[in-house]
1. Between beta-carbons, use under 13 Å as the cut-off and find the net charge around residue 48, counting Lys and Arg +1, Asp and Glu -1.
2. Taking amide H positions as placed in the peptide plane 1.01 Å from N, state which residues far from residue 101 in sequence (5 or more) or on other chains have amide H under 5 Å from it.
3. As a footprinting exposure proxy, order 113, 98, 9 by other Cβ within 10 Å, with the fewest listed first.
4. So for 6, 37, fewest C-beta neighbours within 10 Å to most, what's the order?
5. Which ordering of 29, 53 is given by a fewest-first count of other beta-carbon atoms within 10 Å?
6. Between residue 101 and residue 36, what is the label-point separation in nm under the 7 Å Cα-to-beta-carbon projection?
7. Of 73/96; 5/74; 67/96; 5/77; 66/96; 5/67, which pairs sit farther than 32 Å apart, going by alpha carbon to alpha carbon?
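Every number in this text was worked out from the coordinates using simple rules, so none of it is lab data. Source: prediction; values computed, not measured. Cβ sites come from the backbone with ideal geometry, for glycine too, and all protein chains shown count toward neighbours.
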Amino acid sequence: MFQIKRFDSDHTCSIDFRQGRHRQATSDVIVELIKHRYADASRKSYAPIDIIVDMNRDYGVTLPYKKTWNANKKAQKINGVRLWRMFWNKKKSCSKISLIIDYHDHFKYFFMSLHP
């Protein structure tokens with residue numbers, strides 16, 4: 001049993017990050033918000049505690065450690081595929097490779113063009 005003591009009808013969350021009735025920050029939403037931080041491989045690792053601090057500072061949400069840990073692993077996996085593809089394309093300049101997965105780690109398609 002609970003009682004509502006105060007109701008604030010003004011929504012400050014962007015509608016871009018909410019879908020239907022599901023307003024929680026899922027790990028997929030967090031990945032979308034933080035994936036740009038993984039673009040520079042020379043930077044130090046982006047730990048779950050850093051994600052918690054940044055999300056609280058930037059969006060005013062408090063997230064559990066496990067959710068940020070899951071988001072961190074997903075973002076690392078996505079970034080790892082991108083780094084591997086960039087390395088391959090640089091090493092074999094005439095060959096091209098493309099591996100596409102969605103944010104649920106489901107394979108979408110793979111394309112490879114090899115040049116001797």
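1. Values: positive: 37, 66, 67, 73, 74; negative: 50, 54.
My count for the surroundings of residue 48 gives +3.
2. When sequence neighbours closer than 5 places are left aside, the close amide H contacts are 108.
3. 9, 113, 98
4. Numbers: 6 4, 37 14.
Listing 6, 37 from fewest to most nearby Cβ atoms yields 6, 37.
5. Details: 29 20, 53 13.
By the 10 Å Cβ count, ascending: 53, 29.
6. 2.4
7. 5/74; 67/96; 5/77; 66/96
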